Amino acid sequence: QEQLKLIQKELGKTTEKNKIVEKFRARLQGKVLTQEAEKRINEEFEKLQTLSETSSEYSVSVNYLDWTTSLPWGVHSKENYSLKSAKGTLDADHYGLKEVKERILEYLAVKKLKKSNEGSILCFVGPPGTGKTSLGRSIARALNRKFFRFSVGGMRDEAEIKGHRRTYVGAMPGKLVQGMKRVGTQNPVFLIDEIDKLAPYGTGGDPASALLEVLDPEQNFEFLDHYLDIPFDCSKVFFITTANSTDTIPPALLDRMEVIYLHGYTDREKEHIARNYLIPKQLRKNALRKTQLRFTGEGLNYIIHRYARESGVRNLEKQISRVCRKVAYKVATGKKAKVVLGKPPK
């Protein structure tokens, strides 16, 4: 094998190993690595060159370099600090929620003045269907940042947050590093969903305690993932968490977040949301034209008062979807193709 390598080198042919090294080095072009990261990655390159391709350590080293070179070292997306633009984005995506929008705009105003992310960890608390997750997407759009969402509901293993040690078979980094690789920037918006539904302490460790380092601006500028084992700066990330209740969130974790309560929608707000967002969406989803189905004010209010009395609008969307499916069935079977939903007879 060594003779074959020597002959290939003399003939000018590049081996598979050299191709991999060149690919990984090309990824680092234009990235700003920390001194420690550069030292560790160069050591790993040297180690890879000495390893045989049949060695078990070879694939471990290749996987490690694949992750470390894919991370956005020093890559940032250009932010939009225009409060007028942010207000327009929030108003276009969500109706009502006046107090919540004001709180978000106040946060963005402080960020604009300080040009930093200190303390920007929000926690949206409210009933299901009030738009907590979609608010996170709107904030990302308003700031012109990349968006990444992951749910921690039922999570019982701290390795999901901080990664596995490289010594384990099939080891990989935690969700934070995975998200960084996917978005490709060091300043995205990270939405941690269902933080109140973290599993209690179990055999896999305590994920709630692992999140303490992630959500602490004093510590996360040197976040240490077990797999990477290199400090990675997460202080530029805008963290948003969502919960239905604060009762089950550990006190130490709750203390690190600014809680914003989303109260339910009024009947008038529900009607406006249904007219402008839900009905057009369900008509498109069920391949119906506006001329084939029309909701009168009385009909819509009847659905809201009788079938969708919860705080959010998720159930209201389900009921509108049911009506649309009934009409779609009529249209598909060649029956009357125009339906006006008004108040039903007594």
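At-a-glance table
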item	result
Total charge dipole magnitude, the range 205-317, about the Cα centre, Cβ charges on Lys, Arg, Asp, Glu only, Debye to nearest 20	1620 debye
HN-Hα J in Hz across the range 300-309 - Karplus 6.51, -1.76, 1.60, θ = phi - 60°, x for Gly and Pro	5, 5, 4, 5, 5, 6, 9, 10, 9, 9
The range 1-138 - Debye-derived log10 I(q)/I(0), Cα point model, q = 0.12, 0.18 Å⁻¹	-0.71, -1.02
Within the chain, percent of DSSP bridges classed antiparallel, to nearest 5	10 percent
Selection from P128, F147, V21, by position along the positive dipole direction of the range 1-157 (Cβ)	P128
Under 11 Å, Cβ to Cβ, from S77 - net charge with Lys/Arg +1 and Asp/Glu -1	+3
Folded to 0 to 90 degrees: helix 98-114 orientation relative to the chain principal axis, Cα	30 degrees
Carbon and sulfur %, accessible surface of the range 85-154 computed with the full protein complex present, 1.4 Å	52 percent
Contour minus Cα-Cα distance for R182 and R294 (0.36 nm per residue)	36.1 nm
Whether the range 99-250 is rounded, prolate or oblate, judged on the alpha carbon gyration tensor where a/c under 1.5 counts as rounded	oblate
Label point distance in nm, S85-R275, each placed 7 Å from Cα along Cα→Cβ	3.1 nm
Loop sites in the range 139-246: GluC sites (Glu not before Pro), DSSP, at most 11 other Cβ within 10 Å	E218
Per residue, in Å², the accessible surface of the chain once ligands and nucleic acids are set aside, probe 1.4 Å	55 Å²
Dipole axis of the chain (+1 Lys, Arg; -1 Asp, Glu on Cβ), positive-most option in Y81, I320, L254	I320
Length-normalised contact order of the range 12-140 in % [C-alpha pairs under 8 Å, at least 6 apart]	23 percent
Pairwise FRET efficiency - K23 versus N244, Cβ, R0 = 56 Å, nearest 0.05	0.80
Rg over Rh, two decimals, the range 238-343 (C-alpha only, Kirkwood Rh)	1.15
Of (1) 23.7; (2) 20.6; (3) 22.1, the label for Kirkwood radius over Cα pairs in Å derived from the coordinates	(1)
Cβ-based net charge around V100, under 13 Å, with every Lys or Arg adding one and every Asp or Glu removing one	-2
In Å², nearest 10: area of D91 left accessible to a 1.4 Å probe	70 Å²
The chain: angle of helix 16-27 to the longest principal axis, Cα-based, in degrees nearest 10	60 degrees
For the range 256-309, the fraction of alpha-carbon pairs in successive 5 Å shells from zero, as %	4, 16, 23, 21, 14, 8, 6, 4, 3, 1, 0
Whether the range 21-98 is rounded, prolate or oblate, judged on the alpha carbon gyration tensor where a/c under 1.5 counts as rounded	prolate
Efficiency of FRET between R325 and V110 - r from beta-carbon atoms, R0 45 angstrom, step 0.05	0.45
Within the chain: Cβ-based charge dipole about Cα centre, in debye rounded to nearest 20 (Lys, Arg +1; Asp, Glu -1)	3180 debye
Whole-number percent relative contact order across the chain, with pairs defined as alpha carbons under 8 Å at least 6 apart	18 percent
For R156, net neighbour charge (Lys/Arg +1, Asp/Glu -1) across residues whose Cβ lies under 12 Å away	-3
Those trypsin sites (Lys or Arg not before Pro) in the range 215-319 that DSSP places in a loop and that have at most 15 other beta carbons within 10 Å	R289, K290, R309
Of K281/K330; K23/K175; K39/K146, pairs whose Cα-Cα distance is over 23 Å	K23/K175; K39/K146
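The values are calculated or read from the model by the stated rules, or taken from the named source; none is laboratory data. From a predicted model like this one, the values you see are computed outputs, not experimental measurements. Note that we place each Cβ from the backbone using ideal geometry, even for glycine, and neighbour counts take in every protein chain shown. With ligands, DNA and RNA removed, areas are computed over all heavy atoms of the protein, side chains included. Shrake-Rupley method; radii C 1.70, N 1.55, O 1.52, S 1.80 Å.
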